[in-house]
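Trainee: Attaching a single structure in structure tokens format; questions to follow.
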Amino acid sequence: MSKIPERKEQFETSSKIPIERLYLPEQQTEHYIEKLGFPGEYPYTRGIQPTMYRGRFWTMRQYAGFSSAEESNRRYKYLLQQGQTGLSVAFDLPTQIGYDSDDPHAKGEVGKVGVAIDSLKDMEILFQDIPLDKVSTSMTINAPAAILLAMYIAVAEKQGVSSKALSGTIQNDILKEYIARGTYIFPPKPSMRLITDIFQYCSTELPKWNTISISGYHIREAGSTAVQEVAFTLANAIAYVESAIQAGLHVDDFAPRLAFFFNAHNQFFEEIAKFRAARRIWAKIMKERFHAQNPKSMQLRFHTQTAGSTLTAQQPDNNIVRVALQALSAVLGGTQSLHTNSRDEALALPTEASARIALRTQQIIANETGVTDTVDPLGGSYYVEALTDSIEKEVWSYLQKIDEFGGAVAAIEQGYIQREIHKAAYDYQRDIESGKQIIVGLNAYQIENDEKPEIYRVDPIVGEIQAQKLKELRKTRDNDAVNQRLSELSQAAKTNENLMPYILNAVKAYATLGEITNVLREVFGEYRLN
Amino acid sequence: MNKTIRVLIAKPGLDGHDRGALVIAQGLRDEGMEVIYSGLRQTPEQIVATAIQEDVDCIGLSILSGAHNELLPEVMRLLKENQAEEILVIGGGVIPDDDIPFLKEHGIAEIFTPGASMKEIADFIRDNIEKKNSKQTRSTSVKKIDHIGIAVKSLDEAVPFYKEILGLTFLGMEEVLDEGVKVAFFEAGGVRIELLEPLHQESPIYKHIEKRGEGIHHLAFEVEDIVDQFSKLQERQISLLQNQPRRGAHDTKVGFIHPKSSHKVLIELCEKN
């Protein structure tokens, strides 16, 4: 020891969990059934299905969307042709905040970080010649999720596909918007009502649809630790479940359609342990706190995305390696669906070529490494089990603290969750700047004349084209019908009625996203963070 | 004279990712700066209004949405429109290298992309604010009193007093037709005395004498770059008698500050050729 001292005085994970030099079997072998059980069985630590990837690989779902509906439609067809098995739609910021493309707030933003959708017309183009009964679609949409879901249902109807056959996910997680992502519109209370309206509507009309994807991803991107990611995500999930139960739903009617979305960050074993711990904690919450009966209500199903914030603009090819390792941790952690980031994302939207390498990374893990041939291959690793236990313990302690605040909504309103994340983000940045945390190519192993790859650019004309389309739409549609549908929606918003059917009617009459949102803005008000 | 640097960290546009903005805000605070954070979804108008209201030295614009080429130049345009272009503006976020020259052309001092350190950004702000301040001190400081102007009814009557009784060196006489005056200059230990006699009733000196009688009319300070000086004064909303400097006696460029901005003394600035 004195001859070869250790590299650091103390080793710890990103969540500051101490890492021992060696892990031994004695702590791990007791309580096997209680703590790990078998895959497909409570508490689901080892996976939610008995066979996992021996049965079927995860859904390879690359997040894509940019510019116009026509452009995005072309990219989707390309990705499906390359072997992608599900679509994942990125909407531009005006769409995510409920502004039409010709709204002054939308200036400069149309089509930039996703596709611009103003009305059912755009949605029809987006999914043209893509059979909605054959493909599952995930939509990253939150504040106006009800409207975009309604558009999706309407497009399916036009294709002759019943809403009962539709499969996919809307993100629909507003609480993490207040915490980490910022694309909120309404205050928390009416936002929660829209979410429970969707739960209720889908439980009968879209039984195969995942009605929410409760997202730790953005919480982690905002700088949280792995422990905080799980803790705050599950705290939000508890708030949704409570809100739905208060609205009169039975837990087993909607809980099987709750989905989760996590980040896969750099610290390999901590990430794997994080996924395993999250599954075990959720199973306990659903069984013990909410008395769910249906096993499906207790299974935490999740989509994973590799960590965009870990990618560097410096030596961007290194990002391919980061993404591969992060993706591997998600697979070893038992994810149901995966998005791998592209190497150029610290620079701009991905090019087609870099999106393909990202998808190939998943295909290589699935088909060539053999890690998919057995279930939970790291189960029983002394280290992974110890980390899983530590993460679980710390998550429970956060959940208790949030309960003391009165739940996630109260903790968010008081800024507690945001402060915790911000503190972690700042510590991480300081660790990078002090060199305590090495980032290859950034604060170590730099090279001069670092070559930047070619990047994708959105044609700035898309804003004008969208505005032109809107002008045309407002001229040709039946405006009396639109006004009628909007005023019906406004009336319903003032009562406790489920808003989904009203939104669907307005969408079918080609009311625009901005018009529908404005009706709701008038009734619900807008959220402003101090 | 080490005033605390005030910085506004602002998020223009619609993107809600403010981890970078918050980390930089905290980092600059730790570097001893006063930092105001705008919050999300600020329009260029809101950002410029806040910057002026809070009297900041620097604005840091954080943007990840790809709308930088539209929104950042708009901030610069509005700063100029509000005569606040002396505020240092920096940008940060996911901004392609190719766009940086375009943004710099519009007056953004520097763009910090992912990987930039808090220290690097703080040092940049400090260096540039110091540079700006020292430039400002140089240009606002006058070199010396160039001359004192005294309005007189008649040079024939006044000149003998200064020349013979006080014994000042007589430098000569000159007519300045633009001002409608005839002037006589004396030298008094590096400072000159300028006697001004009105040539006609339209002359400002005639009006001055009508109103206040004979006496000290103005103080003239010599400055280095009068055009630059003038724009600086305008930015600070100092009242000037004319928008542009003009030609004065002895082939100088001159301009006047209104007495209402200078505690009731008419001040002339002059730049020697």
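The values are calculated or read from the model by the stated rules, or taken from the named source; none is laboratory data. Since the structure is predicted, the reported quantities are computational estimates derived from the model, not experimental observations. Here the Cβ positions follow ideal geometry from the backbone for every residue, glycine too, while neighbour counts run over all protein chains shown. These area figures cover heavy atoms from the full protein model, side chains too; ligands, DNA and RNA do not enter into them. Shrake-Rupley method; radii C 1.70, N 1.55, O 1.52, S 1.80 Å.
Trainee: Being without any contact (Cβ under 8 Å) to a residue 40 or more places away in the chain and either surrounded by fewer than 23 Cβ atoms within 10 Å (Cβ to Cβ) or more than 10 Å from every other protein chain (Cβ to nearest Cβ) (or both) is the filter here; which residues of region B:4-21 pass it?
Mentor: Passing the criteria: B:T4, B:R19.
Trainee: Now a separate question. Looking at (1) over 22 Å from the mean Cα position of the chain (by Cα); (2) buried (at least 23 other Cβ atoms within 10 Å of the Cβ), which one does A:A355 not meet, given that it meets all the others?
Mentor: Result: A:A355 fails condition (1) only.
Trainee: Inside region A:90-107, can you point out the residues that are buried (at least 24 other Cβ atoms within 10 Å of the Cβ) and either facing chain B (nearest Cβ under 10 Å) or in a helix (DSSP H, G or I) (or both)?
Mentor: A:D92, A:L93, A:P94, A:T95, A:Q96, A:I97, A:Y99, A:A106
Trainee: Go through B:V35, B:V56, B:V89 for me and flag whichever is closer than 18 Å to A:Y426 by Cα and buried (at least 17 other Cβ atoms within 10 Å of the Cβ).
Mentor: B:V35
Trainee: Within region B:37-56, is even one residue within 11 Å of chain A (Cβ to nearest Cβ) and of a type in the set (A, V, I, L, M)?
Mentor: Yes: one or more hits.
Trainee: Would you say A:S138 is open to solvent by 10 Å² or more (accessible area, probe 1.4 Å), in contact with a strand residue (DSSP E or B) (Cβ under 8 Å, 6 or more places away or on another chain) and not in a loop (DSSP other than H, G, I, E, B)?
Mentor: When the stated conditions are applied, A:S138 passes them.
Trainee: If you don't mind, there's one more thing I want to ask. Can you name the residue in region A:450-476 that is hydrophobic (A, V, I, L, M, F, W, C) and within 14 Å of chain B (Cβ to nearest Cβ) and, of all such residues, is surrounded by the fewest Cβ atoms within 10 Å (Cβ to Cβ)?
Mentor: The residue in question is A:I461.
Trainee: Which residue out of B:I150, B:I111 is within 30 Å of A:E451 (Cβ to Cβ) and touching a residue at least 12 places away in the same chain (Cβ under 8 Å)?
Mentor: Result of the check over B:I150, B:I111: B:I111.
Trainee: Name the residues in region B:107-123 that are small (G, A, S) and either surrounded by fewer than 19 Cβ atoms within 10 Å (Cβ to Cβ) or within 9 Å of chain A (Cβ to nearest Cβ) (or both), would you?
Mentor: B:G107, B:A109, B:G115, B:A116, B:S117, listed by residue number.
Trainee: Could you please give the count of residues in region A:1-34 that are crowded, with 16+ Cβ neighbours inside 10 Å and outside any loop (DSSP other than H, G, I, E, B)?
Mentor: 1
Trainee: Right, another one. When you check A:Q326 against the structure, is it modelled with pLDDT under 95 and of a type in the set (S, T, N, Q), yes or no?
Mentor: Answer is no for this residue.
Trainee: Checking the structure you have, find out if any residue of region A:514-528 is exposed (fewer than 15 other Cβ atoms within 10 Å of the Cβ), within 14 Å of chain B (Cβ to nearest Cβ) and not acidic (D, E).
Mentor: Looking through region A:514-528, at least one residue is exposed (fewer than 15 other Cβ atoms within 10 Å of the Cβ), within 14 Å of chain B (Cβ to nearest Cβ) and not acidic (D, E).
Trainee: Provide a single number: the residues in region A:399-428 that are in contact (Cβ under 8 Å) with a residue 40 or more places away in the chain and either in contact with a His (Cβ under 9 Å, 6 or more places away or on another chain) or within 13 Å of chain B (Cβ to nearest Cβ) (or both).
Mentor: Residues in region A:399-428 being in contact (Cβ under 8 Å) with a residue 40 or more places away in the chain and either in contact with a His (Cβ under 9 Å, 6 or more places away or on another chain) or within 13 Å of chain B (Cβ to nearest Cβ) (or both): 8 in total.
Trainee: Related question: What are the residues in region A:326-369 that are touching a Pro at 6+ places or on another chain (Cβ under 9 Å) and within 26 Å of A:P50 (Cβ to Cβ), if any?
Mentor: Once the filter is applied, which keeps residues that are touching a Pro at 6+ places or on another chain (Cβ under 9 Å) and within 26 Å of A:P50 (Cβ to Cβ), region A:326-369 yields A:L332, A:G334.
Trainee: Could you tell me which residue of region A:311-340 is farthest from the chain's Cα centre (by Cα), considering only residues that are touching a residue at least 60 places away in the same chain (Cβ under 8 Å) and in a helix (DSSP H, G or I)?
Mentor: A:N318
Trainee: Would you list the strands (runs of 3 or more DSSP E) that sit entirely within region A:162-267 and hold 2 or more residues that are within 14 Å of chain B (Cβ to nearest Cβ), out of contact with any Phe, Trp or Tyr (no Cβ under 6 Å at 6 or more places or on another chain) and open to solvent by 20 Å² or more (accessible area, probe 1.4 Å)?
Mentor: none
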